[in-house]
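Each remark here refers to the structure printed beneath this line.
The values are calculated or read from the model by the stated rules, or taken from the named source; none is laboratory data. Note that the structure is predicted; figures quoted are calculated from it, not measured. For neighbour counting, all protein chains shown are included, and Cβ atoms are generated from backbone atoms with ideal geometry for every residue, glycine included. Accessible surface areas use protein heavy atoms only, side chains included; no ligands, DNA or RNA. Shrake-Rupley method; radii C 1.70, N 1.55, O 1.52, S 1.80 Å.
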Amino acid sequence: LVYPDGREMTDPIVIRDPHAKNAKPGDKVVIEITAYPEQNLLAEGVITEVLGKAGEPAVETQAVIAAYNLPGEFPERAVEEARRASDQFRREIEGFDAKPDRAVREDLRKTYIITIDPPDAKDYDDALSIARTESGGWSLGVHIADVAHFIPLGSALDQEARKRGNSCYLPRHVIPMLPEVLSNGICSLQEGVPRFCKSTFMEYDRRGNLIKSGVGQVLIQSAKRLTYLEAQALIDGDHEEAK
């Protein structure tokens, strides 16, 4: 007998040949129902996958993935496009250094820009810059990773991202919306490396009133990866805690 998780089915399911997949008592398994319950008869099914011992964190994570049919590996075409995008980015940076084209993308690598995320953050897709203006107000920049730059409309990457819709964050496991070469690579605003961004710029007076704003395409280089705790320590003036 297999006892289903969840609330939709609560009665046990008969498995005629549990040894076909070497399942053992107490294992978490994935099944396919072959006969639904009728009158006083239980449902019947076959085991399609043995995940491991029930209760173990990694096994329970795999059970959630199976239960909600979350996506697995990326199609090879999407992975290959991501690799080509990474190579393209390297060439673009080399070309930018050789002949900056500020009409297309402004170089902000010398601007002090930081990321602020939880200590266990898996990706870094936004960053901040802030500076005093001559009038005593503030100039604020919000920088978001320019993911769309690397994903042509209608490409295999685009189609797969549309299908997934978002990344899924599970305990100790992430199912990304884009291949890791993008999500954890050239689209992650890591410390000390150049990255393309879409940015918005806002200027405030000394009373905090918005004076003007604008948007642009930029090239940044994060100066520091801060955690929320480190950022709060700096705000509170506790520089030792922020180190």
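When the residues of the range 101-131 are filtered to those that are of a type in the set (Asp, Glu) and assigned to a strand (DSSP E or B), the one that is farthest from GLU230 (Cα to Cα) is GLU106. Looking across the range 31-90, the residues that are part of a strand (DSSP E or B) and free of Cβ contacts under 8 Å to residues at least 24 places away in the same chain come down to GLU32, ILE33, THR34, ALA35, GLU38, LEU41. Does the range 205-220 contain any residue that is free of Cβ contacts under 8 Å to residues at least 60 places away in the same chain, open to solvent by 80 Å² or more (accessible area, probe 1.4 Å) and assigned to a helix (DSSP H, G or I)? Taking every residue of the range 205-220 in turn, none turns out to be free of Cβ contacts under 8 Å to residues at least 60 places away in the same chain, open to solvent by 80 Å² or more (accessible area, probe 1.4 Å) and assigned to a helix (DSSP H, G or I).
Which of the residues spanning the range 15-29 are of a type outside the set (Val, Ile, Thr) and not in a loop (DSSP other than H, G, I, E, B)? Outline the logic, then answer.
Looking only at the range 15-29, we keep the residues that are of a type outside the set (Val, Ile, Thr), and these are 16-28.
Correct list: PRO18, HIS19, ALA20, LYS21, ASP27, LYS28.
Is at least one residue of the range 65-74 open to solvent by less than 70 Å² (accessible area, probe 1.4 Å), among the charged types (D, E, K, R), modelled with pLDDT of 90 or more and under 30 Å from GLY185 (Cα atoms)?
Here is the first cut: in the range 65-74, the residues open to solvent by less than 70 Å² (accessible area, probe 1.4 Å) are 65-66, 70-72, 74.
Narrowing the set further to residues that are among the charged types (D, E, K, R) leaves none.
No, every residue in the range 65-74 fails to be open to solvent by less than 70 Å² (accessible area, probe 1.4 Å), among the charged types (D, E, K, R), modelled with pLDDT of 90 or more and under 30 Å from GLY185 (Cα atoms).
Close contacts from the range 104-121, counting a first residue that is over 9 Å from GLN221 (Cβ atoms) and a second that is part of a loop (DSSP other than H, G, I, E, B), with Cβ to Cβ under 7 Å and a gap of 6+ residues or different chains, come to ASP107/PRO100; TYR112/ALA223; ILE114/ALA223; THR115/TYR124; THR115/LEU189; ASP117/TYR124. Just need a number here: residues in the range 11-27 that are farther than 18 Å from GLU60 by Cα and out of contact with any strand residue (DSSP E or B) (no Cβ under 9 Å at 6 or more places or on another chain). Qualifying residue count, the range 11-27: 1. Checked against (1) crowded, with 16+ Cβ neighbours inside 10 Å; (2) on the phi > 0 side of the Ramachandran plot, GLY136 meets all criteria but (1). ALA85 meets the stated requirement of being open to solvent by less than 40 Å² (accessible area, probe 1.4 Å) and of a type in the set (A, V, I, L, M, F, W, C).
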